[in-house]
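Student: This structure is in structure tokens; I'll ask about it shortly.
The values are calculated or read from the model by the stated rules, or taken from the named source; none is laboratory data. Small disclaimer: the values here were computed from a predicted structure and weren't measured. Positions of Cβ are generated from backbone atoms using ideal geometry, with glycine treated the same way; all protein chains shown enter the neighbour counts.
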Amino acid sequence: MLPSNIKIGIIGGGQLGKMLIEAGKPWNIHYTILEEANAPASSIANKHIVGSLMDYEKIMELAADSDVITYEIEHVNIDALHTLEAQGKRIVPSPKVLEIIQDKGLQKLFFQHHHIPTTDFELLENEEEWSEKLLKVKGETVVAKLRKGGYDGKGVALVNKKEMLAHIRSIPFTEPSVLEEFVEGAIELAVIVSRNESGEINTFPIAEMEFDPQANLVEFLYSPANISAEIEEKAKRIAMDAIIKLQGVGIFAVEMFLDKENNLWVNEIAPRPHNSGHHTIEACYTSQYEQLNRILLGMPLGNTSLIKPAAMINLLGATDVSGAYKITGLEKILATEGVFIHLYNKAETKPKRKMGHITILGTTLEEVKEKVLMVKNTISMKAV
Ligand code: ADP
């Protein structure tokens, strides 16, 4: 079947959906999105079904008009996906995979069961279990995570064990949660894995997050990661092994920690294109978005090699601006070679909201990092 005859349905119409559609435009793929009104992807989707990602009937409506369904976010109505899969509709990745990933507790149990390296953890159901479970996790600091519903660090809290046991700090979550060992001084890596229905598998070059030590926020990420060839190979092997064990078909971002003793620990898996792979649009022969389109269409995987070293900066909403906004400094940035701006078509900003991103290419990582500094010092967001 020619790609132009295939209709792809995307649950969600945010920036990830927008970039998936952008990557499919040269192939004239037909896209329908399901998303609330004014979505980033609505201006370029062929059809927009307005509604909630949790709405069973709306997902059925989307499926009726699509040959294959994918999703750009984990928080969708999974019952609808199970029903559709049972009816023979292609859902990529499969709802069985999503069911594990939607729940951080099930994910940890899956890693443990399949000997995928992950930090030790305890699961708790309610407030009463906190003290007992907290004592079982090693270390002064413990990471608490809501099992369901968290994203972008919301639903994650660092807990000082002593303070909490002495009731100096209150319990961050009362819902079912995971308590896990904190990896101190970890380097954060992301390995994006692609796997198609014939079982063909590859990975993208690893991306490394650069943290702002003061704010403890990801400043920018870059690829290739500053790690040895041996660790790179090992990280890729662990990531592919995890996806094979999941029997995953699609694009998966496997987030990992590299500790001070050079151990790798899988943090979590995202079953979709990921923030850590935005740079692949310009930096790799095949982007993560084109790769997902290939997988959705049943095509062979594309070459994921880096064309040039790259960095990616998230363009986040300024902390002092809400509502209508303008971005300044774009002229100077665009006059620089190897700088690419992506804006997500969001009418209003909020503090820390992902408004766009900038990809920077260079001949060496040093050159890339110099350009990152220039871009960060030049761009700003103001209220209008
Ligand atoms: P989310 O799904 O909301 O992105 P994550 O599980 O990725 O949540 O956690 C968010 C951030 O918290 C991570 O990127 C990392 O910086 C930190 N973090 C999470 N778990 C650990 C851990 N076990 N050890 C050290 N840092 C952690």
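Student: Give all pairs with beta carbons closer than 9 Å in which a residue from segment 183-204 that is closer than 21 Å to Thr280 by Cα and of a type in the set (S, T, N, Q) meets a residue that is within 16 Å of the ligand (Cβ to nearest atom) and outside any strand (DSSP E or B); count only pairs at least 6 apart in sequence or on separate chains.
Tutor: Correct list of pairs: Thr203/Ala235; Thr203/Ala239.
Student: Now for a separate question. Keeping to segment 129-155, report how many residues are in a strand (DSSP E or B), of a type in the set (Val, Ile, Thr) and either more than 14 Å from the ligand (Cβ to nearest atom) or buried (at least 17 other Cβ atoms within 10 Å of the Cβ) (or both).
Tutor: 2
Student: Does segment 361-376 contain at least one residue that is free of Cβ contacts under 8 Å to residues at least 60 places away in the same chain and on the phi > 0 side of the Ramachandran plot?
Tutor: No, segment 361-376 contains no residue that is free of Cβ contacts under 8 Å to residues at least 60 places away in the same chain and on the phi > 0 side of the Ramachandran plot.
Student: While we're looking at this one, here's another question. Please identify the pairs in which a residue from segment 297-316 that is more than 28 Å from Val92 (Cα to Cα) has its Cβ atom under 6 Å from the Cβ atom of a residue that is assigned to a loop (DSSP other than H, G, I, E, B) and charged (D, E, K, R), counting only partners at least 6 apart or on another chain.
Tutor: Between residues of segment 297-316 that are more than 28 Å from Val92 (Cα to Cα) and residues that are assigned to a loop (DSSP other than H, G, I, E, B) and charged (D, E, K, R), the close pairs are Leu316/Lys352.
Student: Moving on to the next point. For the subset of segment 84-111 comprising residues that are assigned to a helix (DSSP H, G or I), free of Cβ contacts under 8 Å to residues at least 24 places away in the same chain and more than 22 Å from the chain's Cα centre (by Cα), which member is nearest to Gly250 (Cα to Cα)?
Tutor: Out of the qualifying residues, it is Glu85.
Student: Follow-up. Considering Ile307, Ile341, Ile313, which residue is modelled with pLDDT of 95 or more, away from the ligand (no atom under 16 Å from the Cβ), among the hydrophobic types (A, V, I, L, M, F, W, C) and loosely packed, with under 15 Cβ neighbours inside 10 Å?
Tutor: Ile307
Student: Scan Gly24, Gly9 and give me the residue that is part of a helix (DSSP H, G or I), crowded, with 16+ Cβ neighbours inside 10 Å and at pLDDT 95 or above.
Tutor: Selected residue: Gly24, the only one of Gly24, Gly9 that is part of a helix (DSSP H, G or I), crowded, with 16+ Cβ neighbours inside 10 Å and at pLDDT 95 or above.
Student: Does Lys245 satisfy the condition of being touching a His at 6+ places or on another chain (Cβ under 8 Å) and surrounded by fewer than 22 Cβ atoms within 10 Å (Cβ to Cβ)?
Tutor: So Lys245 passes the test.
Student: Name the one entry in Ala207, Ala239 that is surrounded by 20 or more Cβ atoms within 10 Å (Cβ to Cβ), at pLDDT 95 or above and out of contact with any helix residue (DSSP H, G or I) (no Cβ under 8 Å at 6 or more places or on another chain).
Tutor: One residue alone meets the criteria, Ala239.
Student: With Asn126, Asn160 as the choices, which residue is among the polar types (S, T, N, Q), within 15 Å of the ligand (Cβ to nearest atom) and out of contact with any Phe, Trp or Tyr (no Cβ under 9 Å at 6 or more places or on another chain)?
Tutor: Result: Asn160 is the single residue among Asn126, Asn160 that is among the polar types (S, T, N, Q), within 15 Å of the ligand (Cβ to nearest atom) and out of contact with any Phe, Trp or Tyr (no Cβ under 9 Å at 6 or more places or on another chain).
Student: Condition (residue is at pLDDT 95 or above, part of a loop (DSSP other than H, G, I, E, B) and crowded, with 22+ Cβ neighbours inside 10 Å) applied to segment 281-299: is it met by at least one residue?
Tutor: Yes, the conditions are met somewhere in segment 281-299.
Student: Quick check on segment 196-206. Is at least one of its residues more than 17 Å from the chain's Cα centre (by Cα), within 14 Å of the ligand (Cβ to nearest atom) and either part of a strand (DSSP E or B) or among the hydroxyl-bearing types (Ser, Thr, Tyr) (or both)?
Tutor: No, segment 196-206 contains no residue that is more than 17 Å from the chain's Cα centre (by Cα), within 14 Å of the ligand (Cβ to nearest atom) and either part of a strand (DSSP E or B) or among the hydroxyl-bearing types (Ser, Thr, Tyr) (or both).
Let's see how each residue does on (1) acidic (Asp, Glu); (2) out of contact with any strand residue (DSSP E or B) (no Cβ under 6 Å at 6 or more places or on another chain):
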residue: His167; (1), (2): no, yes
residue: Phe173; (1), (2): no, no
residue: Val178; (1), (2): no, no
residue: Val193; (1), (2): no, no
residue: Asn196; (1), (2): no, yes
residue: Glu200; (1), (2): yes, yes
residue: Ala207; (1), (2): no, no
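Student: Can you find a residue that is assigned to a helix (DSSP H, G or I) and touching a residue at least 40 places away in the same chain (Cβ under 8 Å) anywhere in segment 319-330?
Tutor: Yes, some residue in segment 319-330 is assigned to a helix (DSSP H, G or I) and touching a residue at least 40 places away in the same chain (Cβ under 8 Å).
Student: Please determine whether any residue of segment 183-192 is within 13 Å of Ile251 (Cβ to Cβ), at pLDDT 95 or above and away from the ligand (no atom under 13 Å from the Cβ).
Tutor: Yes, segment 183-192 contains at least one residue that is within 13 Å of Ile251 (Cβ to Cβ), at pLDDT 95 or above and away from the ligand (no atom under 13 Å from the Cβ).
Student: Looking at Ile49, Ile73, Ile69, which is the one that is out of contact with any helix residue (DSSP H, G or I) (no Cβ under 7 Å at 6 or more places or on another chain), among the aliphatic types (A, V, I, L, M) and not in a helix (DSSP H, G or I)?
Tutor: From the options Ile49, Ile73, Ile69, the qualifying one is Ile73.
Student: Then there is this: I need the full set of residues from segment 221-272 which are without any contact (Cβ under 8 Å) to a residue 12 or more places away in the chain and away from the ligand (no atom under 16 Å from the Cβ), in order please.
Tutor: Passing the criteria: Ser228, Ala229, Glu230, Glu233, Arg237.
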